[in-house]
Amino acid sequence: MHDAGMQRWHTIIEPFRIHSVEPMRSTTVEERAARLAEAGFNLFNLHADDVLIDLLTDSGTGAMSRDQWAAIQRGDESYAGSPSWYRFLAAVQTLFPFEHVIPTHQGRAAEKILFSVIGGPGKVVPNNTHFDTTRANVEFTGAEAVDLVIAEGRQPDLVHPFKGNMDVEALDALITDRGAANVPVVFVTITNNSGGGQPVSLANLRAVRAVCDRHGVPLFLDGCRFAENAWFIREREDGQQGRPVPDIVREMAGLADGMTMSAKKDGLANIGGWLAMNDGVIAAQCRNLLILTEGFPTYGGLAGRDLEAIAQGLTEVVDEHYLQYRIRSTAYLADALDAAGVPVVKPAGGHAVYLDARALLPHIAPLHYPGQALAAALYREGGIRGCEIGTVMFGRHPDGTETPAAMDLVRLAIPRRTYTQSHIDYVIEVVTFVASRAGELRGMRIVDEPPALRHFTARFEPRD
Ligand SMILES: *Cc1c(COP(=O)(O)O)cnc(C)c1O
């Protein structure tokens, strides 16, 4: 960007070359149909060797850099006070200057610990949109999880620069209605994963902060994709153009009192996470729980080498060339599908392209899971594994009732630095083919499901 050479050419190239390769295995349609039936039409049950292009998640599936692998060699496995811990702590606090940083093995462990301390019956936790593990961890304590994303964020084909923004008036009304004493924290998820990977503006974060201040309620970030969110702010928000990404990240952090994080996303690592906050009393209670399930406070659930990989990843993820390539490569897939007439959430999110299964499959009722039907078809036809984000994921409530989710999407998540443009061109071809025969797809019925987080393990069968 600052380099004249980057400005002269239209093509945005992958800002890396391949250093170590992994073979991919092709299968036939017949083989995939058999694997699908064995898996109960749940793509989480597949053997990954039977998947050609794996877009199930961008979580922990990215490629690490040469420098991250080198950092792994430096990992120090001292039980307490490892130098790897101090490098991790410094890297986190450079971007997020919270006083207390508590390492965890992944994001949901941070959520579990935090909500065990501050959740409980009668409490309500607002969020722009809770991610599924966040909602489950809130609800597991008996608290209520409420999603308050702006109305634009619930309309898949509506273009808005910050569709992840919180509805600030609704937030204010909720806190007034329930009483600040019953709202232990307000969460903002950046970017809004379950709402299409859409960003939140600085202006919105400031407005949320003002509401929190007025009611005396702390504000936490679910920061899993903080760097992608910062890039969107730099690209789209007035006055932010050309600003160094780490500065934008620090401003977001400065508006909050704490955060949960999965380093499997914008940590550019394969495992890890943290919980951070300024409140020393709550942090002490969280550390006590950490020791019960995760480990000593200087490693959490992580090896010293994992802490090193994350520390290095945090320096790479805020690099502008990386972020320009990252966000552009997601938009490349979304734009091509849009041009081919496939309904997608617009504009493209940061980490994923979301197919609008409800719009593509109007003949399949939401309670017959159009997203699950579409995800199964993409695997069957092309060996592509996506993930239903819709009624399977969100339709079942703690009281056992079932209602359609706000949207029925199929998420094609893009692992970081993993697939090339020709892999993505193949995905475009397969999705376009499946969409051209959408009328042939049938809905699904659940034949077996667990009480919570059913999308991971439920089994399905096609309806006739
Ligand atoms: C992935 C994710 C989490 C949970 O993190 P894990 O590392 O998978 O446990 C929480 N919130 C959001 C927004 C996420 O994307």
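To make sure I understand the rule: partners must be lysines, Cα under 28 Å from the Cα of K346, and not fewer than 8 residues away in the same chain. Which ones qualify?
Hits, sequence-local ones excluded: K163, K264, K265.
Once amide H atoms are built 1.01 Å from N in the peptide plane, which residues 5 or more positions from R445, or in another chain, come under 5 Å H to H?
E461, R463
Would you list Y322, Y426, Y379 from fewest to most Cβ contacts within 10 Å?
Listed from fewest to most nearby Cβ atoms, that is Y426, Y322, Y379.
Please say if the range 66-316 is rounded, prolate or oblate, where rounded means a/c under 1.5 for a ≥ b ≥ c the square roots of the C-alpha gyration tensor eigenvalues, and otherwise the choice is prolate for a/b larger than b/c and oblate otherwise?
oblate
Within the chain, what percent of beta bridges assigned by DSSP are antiparallel, to the nearest 5?
Counting only bridges with both partners in the chain, antiparallel ones make up about 65 percent.
Within 10 Å of each residue's Cβ, count the other Cβ atoms and sort I118, I291 from fewest upward.
I291, I118
Using helices alone, what [θ] at 222 nm do you get for the chain, with -39,500 (n - 2.57) per DSSP H run of 4 or more residues, divided over all residues and rounded to the nearest 500?
After summing the helix terms and dividing by residue count, I get -12000 deg cm²/dmol.
If you take every DSSP beta bridge fully contained in the range 66-316, what fraction is antiparallel? Give it as a percent rounded to 5.
50 percent
List R66, R417, R250 from most exposed to least, where exposure is judged by having the fewest other Cβ atoms within 10 Å.
By the 10 Å Cβ count, ascending: R66, R250, R417.
Hey, got the dipole for the range 66-316? About the Cα centre, +1 on K and R Cβ, -1 on D and E Cβ, debye to the nearest 20?
Charge dipole of the range 66-316: 320 debye, to the nearest 20.
Using modelled amide H (1.01 Å from N, peptide plane; none on Pro or chain starts), what sits under 5 Å from the amide H of I389, excluding residues fewer than 5 places away?
Answer set, sorted by chain and number: L409, V410, R411.
What does the C-alpha gyration tensor say about the overall shape of the chain? Classify as rounded when a/c is under 1.5, otherwise prolate if a/b is larger than b/c, or oblate.
Verdict is rounded for the chain.
Taken together, the values in this text are just the output of simple stated rules run on the coordinates, not laboratory data. Fair warning: this is a prediction, and the values are worked out from it, not measured in the lab. Positions of Cβ are generated from backbone atoms using ideal geometry, with glycine treated the same way; all protein chains shown enter the neighbour counts.
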